[in-house]
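Asks: Dumping the structure here so I can ask a few things about it.
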Amino acid sequence: MNSSSKPTLLRKMNLIDTVFLVIGSVIGSGIFMTTGYIAGYLPSPFLILIICLTGGLVTLAGALSFAELGAMFPKAGGPYIYLREAYGSPAGFLYGWAFFAVIQCGGAAALAVGFAEYFGTFFPLFSTKNIILESSALGIPYSLSAGQLIAVLSIVLLSAINYFGIRSGVVVQNIMTLIRLGSLAALVVFGLLIGNKAGVQTMPQFFSGMSSFTFGAFGLAFIAMLWTYDGWYSASCAAGEISRPEKNVPKGLIIGTAIVALAYLLTNLVYVLALPIDRMKNVAAIGETAAFQLFGPGISILITGLIGISIFGCLSATIIYGPRVFFAMAEDGYFFRSMSFIHPRYRVPTRAITGQAIWASILCLSGTFQALYEYVVFALVIFFAAGGLAVLVLRYRQPKTPRPYKTWGYPVVPLFFVLINLAVLINTLYNQPMKSLIGLGILVVGLPAYMYWKNKIGQTQSG
């Protein structure tokens, strides 16, 4: 490499790495927790499996759509690049703004604190319940727990691993993904073949609770299901470091999403066989509860440990792909310019990695991440809908751009993905108007930030 040239990202991720990144970005705490909340909205074993299957199909439709976009633009940034190309820089920036401010860093903070909670189960001294500092400022109380410090340390540790090159982060991620897949496979196989089942035993039991179905309840439950699938687009964000991206990005998205969908469906089947619906409703620790019923207290403790490992692994994947979006924004001039820096030795966006770690850690320590994440998570469906529609828009606007992969089932598949996300958005606005308005407010705050960076670009060009 010429010493005067800018270092570039290295394409060191193969197809297996890409598939594992997708799987690892999705399988975290959701599969072990969300089903209980879904049962609260839809107290029917049949409907639980239907919504799980529907979530898998919608996510697979998204993966098929993003596969075309990822092969067209095989570089770091993912959805930011697709929205910028389809609708212009303001749309791309608003996605990146929400992604950095809340969705990505808030999600990382939530995962880190979630890991700390499970860590504290085995080491109570480091629990989130162990308060080590209490104070107040301007009448606002604040408390700091040992668990919050563990959360920050987990973010710092995984960020440091990724700082020293993409391979070091990917190796850790692959190991964690294998552990998670093995754990889920064991739960499914042994849960289906043996165990003390107290759930569905007859067909009438399987279809019980159908009278509770409403479209509003289904929509709210579906948001929870989509949350468990969040992260499926991770390979598109890291496309700048994937070898043969024109082939491996589409394959990684599709294969990884399909494996997750199958794993989720089978795991939820085990849950409805293990537990009666009344014992599932609004139960947060559904994975542990099902394991206790099936195998007794010894195995349920093991499941608790595996859930902690699963959350830690999902955090690891999140820390890999997130900074690539901030890096792409910075390269365009629409974010902190320092985040476009690529370390000349490690060949990764080290300052974007550091920036993500700092903001996620601040959110951990502030204790506000959960509220912020709930407010803006609905915005994901806006960006998903816009991303799916971008397939059609770019077919019209850029017909001559090479497309190494074209979406299977076009235009039905991307339109299906768009319409489902719009339906979820409308249902959310209707049923949770206050949270939706606050979330929209967070997006609107991004407009002055966009104008600030746009003016800086203009000043640089005129100078």
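What follows is calculated from the coordinates using simple rules that are stated; it is not laboratory data. This structure is a prediction, so every number in the text was calculated from the model and none was measured. Glycine also receives a Cβ, built like all others from the backbone with ideal geometry; neighbour counts cover every protein chain displayed.
Asks: Taking amide hydrogens as modeled 1.01 Å from N in the peptide plane, which residues meet the under 5 Å criterion relative to Gly367, leaving out close sequence neighbours?
Replies: none
Asks: Tell me, what is the FRET efficiency for Gln459 and Lys6 to the nearest 0.05, using R0 = 22 angstrom and their Cβ-Cβ distance as r? Walk me through the numbers before you get to the answer.
Replies: On the way: r = 22 Å, r/R0 = 0.99.
Efficiency, rounded to the nearest 0.05: 0.50.
Asks: Hey, what do the phi angles of segment 186-197 turn into as Karplus ³J(HN,Hα) couplings, whole Hz, using 6.51/-1.76/1.60 and θ = phi - 60°, x for Gly and Pro?
Replies: 5, 4, 5, 4, 6, x, 7, 8, 9, x, 8, 8
Asks: Give or take rounding to whole Å, what are the principal axis extents of the alpha carbon atoms in segment 97-172, in descending order?
Replies: So the three principal-axis extents are 45, 36, 17 Å.
Asks: I'd like the Karplus ³J(HN,Hα) series for segment 300-312: coefficients 6.51, -1.76, 1.60, θ = phi - 60°, whole numbers in Hz, and an x wherever there's a Gly or Pro.
Replies: The phi angles translate into 5, 5, 4, 4, 4, x, 5, 5, x, 5, 4, 5, 4 Hz.
Asks: Nearest 10 degrees, 0 to 90: what angle lies between the long axis of helix 146-163 and the longest principal axis of the chain (Cα atoms)?
Replies: That helix lies at roughly 50 degrees to the long axis.
Asks: I've got another one for you. Roughly how many debye, to the nearest 20, is the charge dipole of segment 1-93 about its Cα centre, given +1 on each Lys and Arg Cβ, -1 on each Asp and Glu Cβ, and no other charges?
Replies: That gives a dipole near 320 debye.
Asks: Candidates (1) 59, 50, 36; (2) 68, 47, 41; (3) 72, 54, 44; which is the computed Cα extents along the principal axes in Å?
Replies: (3)
Asks: Once Lys and Arg get +1 and Asp and Glu get -1 on their Cβ, which of Ser212, Ile438, Ile259 lies farthest toward the positive end of the dipole of the chain?
Replies: It is Ile259.
Asks: Quote the relative contact order of the chain in percent (integer), defining contacts as alpha-carbon pairs under 8 Å separated by 6+ residues.
Replies: On the way: 814 pairs, mean separation 156.8, N = 463.
Relative contact order for the chain comes out at 34 percent.
Asks: OK, next. Find how many whole Å separate the alpha carbon centroid of segment 314-329 from the alpha carbon centroid of segment 184-213.
Replies: 37
Asks: Longest span of the chain, sites excluded, free of trypsin sites (Lys or Arg not before Pro) in DSSP loop with at most 13 other C-beta atoms within 10 Å? Before the final figure, lay out each step's value.
Replies: Values: sites that count: Lys129, Arg345, Lys400.
Excluding the exposed sites themselves, the longest stretch runs over 130-344.
Asks: Give the distance, in whole Å, between the Cα centre of segment 235-307 and the Cα centre of segment 392-412.
Replies: Segment 235-307 and segment 392-412 have Cα centres spaced 32 Å from each other.
Asks: Need the list of aspartates and glutamates near Lys454 for cross-linking: C-alpha distance under 19 angstrom, and skip anything on the same chain fewer than eight residues off.
Replies: Here the aspartates and glutamates satisfying the reach criterion relative to Lys454 are Glu85, Glu331, Asp332.
Asks: To test your reading of the geometry: what angle, between 0 and 90 degrees and rounded to tens, separates the Cα axis of helix 105-122 from the longest principal axis of the chain?
Replies: For 105-122 against the chain, the angle is about 40 degrees.
Asks: Under 22 Å between alpha carbons, and skipping anything fewer than 8 positions from Lys456 in its own chain: which lysines qualify?
Replies: Lys6
Asks: Within the set of other residues whose C-beta is less than 14 Å from the C-beta of Phe335, count the net charge using Lys and Arg as +1 and Asp and Glu as -1. Walk me through the numbers before you get to the answer.
Replies: Working: positive: Arg84, Arg324, Arg337, Arg351, Lys454, Lys456; negative: Glu331, Asp332.
That sum, taken over residues with Cβ under 14 Å, equals +4.
Asks: By count of other Cβ within 10 Å, fewest leading, how are Phe122, Phe295, Phe312 ordered? Walk me through the numbers before you get to the answer.
Replies: Working: Phe122 12, Phe295 19, Phe312 24.
Final ranking by Cβ density, sparse to dense: Phe122, Phe295, Phe312.
Asks: Name the long-range amide H neighbours of Ser145: under 5 Å, sequence gap of 5 or more, or other chain; modelled H, no Pro or chain starts.
Replies: The list, which skips near neighbours in sequence, is Ile132.
Asks: Return the aspartates and glutamates within reach of Lys251: Cα separation strictly under 12 angstrom, same-chain partners fewer than 8 residues apart disregarded; answer none if there are no such residues.
Replies: Output for Lys251: Asp17, Glu68.
Asks: Moving on to the next point. Quick one: net charge of Tyr264's neighbours, Cβ under 15 Å, K/R +1, D/E -1?
Replies: Values: positive: Arg180; negative: Asp230.
Cβ neighbours under 15 Å give a net charge of 0.
Asks: May I pose another question? Rounded to the nearest 20 Debye, what is the dipole magnitude of segment 15-456 about its Cα centre when Lys and Arg each give +1 and Asp and Glu each give -1 at the C-beta? The partial results should precede the final answer.
Replies: Working: 24 positive and 13 negative charges, 215 e Å.
Using Cβ point charges on Lys, Arg, Asp and Glu, segment 15-456 gives about 1040 debye.
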